[in-house]
Amino acid sequence: MTSEQFVNHYPLLYHMAESGTWPSIRQRGLLSTLAVLDLVKVAPDLRTRLLTQRRAEIEEVKHPVLGSFRIRDQKPLKDSLLVLLC
């Protein structure tokens, strides 16, 4: 299926976000995990873990000025796929 066929077949897409996150999404946009970690400037070891290992539960990272960000889990993700991404 081409991108054009996909758009024609599914003209609307939705993203589910946690309750209370809309103000941050409206202000900064919908951020990827990588973008959140760049923004918050987490420690290198935590950054590596959050980007290379399956997150079984929601992880929260905090910034003293920007507040906290909850990084959603990856329960459906297969561990074998992470190897391909690294």
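The values are calculated or read from the model by the stated rules, or taken from the named source; none is laboratory data. It should be emphasised that the depicted structure is a prediction, and the values quoted were computed from it without experimental measurement. Neighbour counts are summed over all protein chains in view; Cβ atoms, including those assigned to glycine, are modelled from backbone coordinates with ideal geometry.
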- Message: Out of Leu12, Leu51, I need the residue that is at negative phi, not in a loop (DSSP other than H, G, I, E, B) and not polar (S, T, N, Q). Which one?
- Response: Leu51
- Hey, can you tell me all the residues within the stretch 15-32 that are over 20 Å from Pro64 (Cβ atoms) and assigned to a helix (DSSP H, G or I)? Trp22, Ile25, Arg26
- Query: For the subset of the stretch 29-74 comprising residues that are at pLDDT below 90, more than 14 Å from Glu18 (Cβ to Cβ) and basic (Lys, Arg), which member is surrounded by the fewest Cβ atoms within 10 Å (Cβ to Cβ)?
  - Reply: Arg54
- Restricting attention to the stretch 1-28, which residues are surrounded by 11 or more Cβ atoms within 10 Å (Cβ to Cβ), under 26 Å from Glu60 (Cα atoms) and of a type outside the set (Val, Ile, Thr)? Ala17, Ser24, Arg28
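Which members of the stretch 33-48 meet the condition of being of a type in the set (Lys, Arg) and part of a helix (DSSP H, G or I)?
Arg47
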- Item | Selection from the stretch 1-52 of residues that are touching a residue at least 40 places away in the same chain (Cβ under 8 Å) and touching a Lys or Arg at 6+ places or on another chain (Cβ under 8 Å) | Glu18, Thr21
